[in-house]
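The values are calculated or read from the model by the stated rules, or taken from the named source; none is laboratory data. Because the structure is predicted, anything quoted here is derived from the model rather than measured. Positions of Cβ are generated from backbone atoms using ideal geometry, with glycine treated the same way; all protein chains shown enter the neighbour counts.
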Amino acid sequence: MKKLLLLITLAVLLPFTSCKKDKKESVDKLTFTLENLTTLIGKSADYIKQASPGTFEEDASDDEFLFFTYSGVSALGEIAMGYQITSSKCDDIAALSDEESLAAVDYLINMAEDEFGTATDYMLSYYDDFDELQEELFDNADDLWLFIDDYSLVEDDVDGIIAVYEVGDLAVIVGALWISGYFWPIVEISEAGKKSAASFKENARVWVERKQAIRR
C-alpha cells in the first residue's frame with residue numbers, strides 16, 4: 001500500500017506533460033546520488049530508462065511520467081523516483097523516501113551538502129508548545145539541526161523542512177513535507193527559475209488535493 005502511495009504521490013508532484021519516442025542510446029546505469037540525478041535533466045525517456053538508479057516500474061509509467069523504485073540506501077528505505085517528460089526531454093525529477101523520519105531528512109541534506117555545498121536557503125516550519133505554526137530561517141544545516149535538537153522537535157511537530165541548492169542552472173530542493181498523512185523526505189530537481197523554497201512548500205497542499213482526487 002505504501003509503495004502504491006509513493007507512486008501515486010509522485011504522479012501528483014509532476015505536472016501534465018507530453019513526450020515522443022527517442023532513439024535508443026546505450027548508457028550505463030547510475031548509482032544513487034543527487035549529483036547523478038541532476039545529470040538526467042534534459043535527457044530522453046529512453047536514456048533515463050537505462051541510466052536511472054533503481055527498478056523501472058513499467059506498469060506505473062507512461063509517455064509523460066517514468067517511475068522507478070530503489071532500495072539501495074538503508075537509511076532511506078524504499079525510494080520512489082519520478083521523471084517528468086516534456087517535449088521528449090526530462091524537465092523535473094522527484095524522489096520520495098518512505099522512511100518517515102527526521103533521520104532520513106538529515107541523511108538527504110547531508111548528501112546534498114557533500115555534493116553541492118551550502119544551500120542558499122534553509123527553512124523550518126513547526127508547531128510550538130501552544131500548537132501555533134512557527135517558521136525559522138537558518139544560515140546553514142548545522143544551525144537547522146541544532147534548533148531541532150534544542151527544541152526536541154519530532155516528526156509530528158514539523159510542518160516542513162526545505163533546503164534549496166543552486167546547481168548550475170538547476171534548483172535541487174531537499175527536505176520533508178506532510179502529504180496525505182505521511183511524513184515524506186523529498187528531493188526535487190528542476191530548472192532553477194521554475195522552483196523556489198516558497199513555491200515548493202505552498203504547492204504541497206495542492207499536490208495532496210490532486211492525489212486525493214485521483215484516488216476518489
Exercise. What helices (runs of 4 or more DSSP H), lying completely within the range 1-63, carry at least 3 residues that are at pLDDT below 85 and outside the structural domain of TYR182 (by TED's automatic domain parsing)?
Worked result: 2-13
Problem set entry | Residue list for the range 170-191, restricted to those being farther than 20 Å from GLU78 by Cα and surrounded by fewer than 16 Cβ atoms within 10 Å (Cβ to Cβ) | GLU191
For this session: Identify all residues within the range 149-169 that are crowded, with 21+ Cβ neighbours inside 10 Å and either hydrophobic (A, V, I, L, M, F, W, C) or without any contact (Cβ under 8 Å) to a residue 24 or more places away in the chain (or both); write none if there are none.
Result: ILE161, ILE162, ALA163, VAL164
Exercise. Among the residues of the range 71-126 satisfying the criterion of being in a helix (DSSP H, G or I) and among the β-branched types (Val, Ile, Thr), which is surrounded by the fewest Cβ atoms within 10 Å (Cβ to Cβ)?
Worked result: ILE109
